[in-house]
Amino acid sequence: MADEVTRIMVIPLRGAKLVPRSRRTERAVKDVRAAIMRHMKVDAEHVWIDKSVNEKLWENGIRNPPNKITVKATKFDDGLVEVTLSE
């Protein structure tokens, strides 16, 4: 049986502006993972962030991540959550 749960989420990344410029995108990646963990009820090791999401976060370098990002989170039967860029 397919118990997949799919959600389109807009994740705010305002918290990345609170850290030093040289660590902002790293904080944004952690914020994405934390939001997925909170909303999909999983642990950090069960969140898989797609390469396209990572490239979108890093496209302006380490100092200037986007203010928000729209992602699609799919939770599979085994508890793994796959995070991809929303079309």
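Residue under question is VAL10, and the condition is that it be in contact (Cβ under 8 Å) with a residue 12 or more places away in the chain, among the β-branched types (Val, Ile, Thr) and farther than 15 Å from THR84 by Cα; does it hold? Criteria not met by VAL10. Summed over the stretch 1-45, residues that are polar (S, T, N, Q) and within 12 Å of the chain's Cα centre (by Cα) total 1. Is one or more of the residues making up the stretch 69-80 touching a Pro at 6+ places or on another chain (Cβ under 9 Å) and of a type in the set (Asp, Glu)? No, there is no match, as no residue in the stretch 69-80 is touching a Pro at 6+ places or on another chain (Cβ under 9 Å) and of a type in the set (Asp, Glu). Checking LYS56 against (1) among the basic types (Lys, Arg); (2) in contact with a helix residue (DSSP H, G or I) (Cβ under 8 Å, 6 or more places away or on another chain); (3) within 19 Å of ARG14 (Cβ to Cβ), only one condition comes out false. Which one? Single failed check for LYS56: (2).
Criterion applied to LYS41, LYS75, LYS30 was being at pLDDT 95 or above and on the phi > 0 side of the Ramachandran plot, and the one residue passing it is LYS41.
The values are calculated or read from the model by the stated rules, or taken from the named source; none is laboratory data. Not measured: the values here are computed from a predicted model. Here the Cβ is made from the backbone with ideal geometry for all residues, glycine too, and neighbour counts use every protein chain on show.
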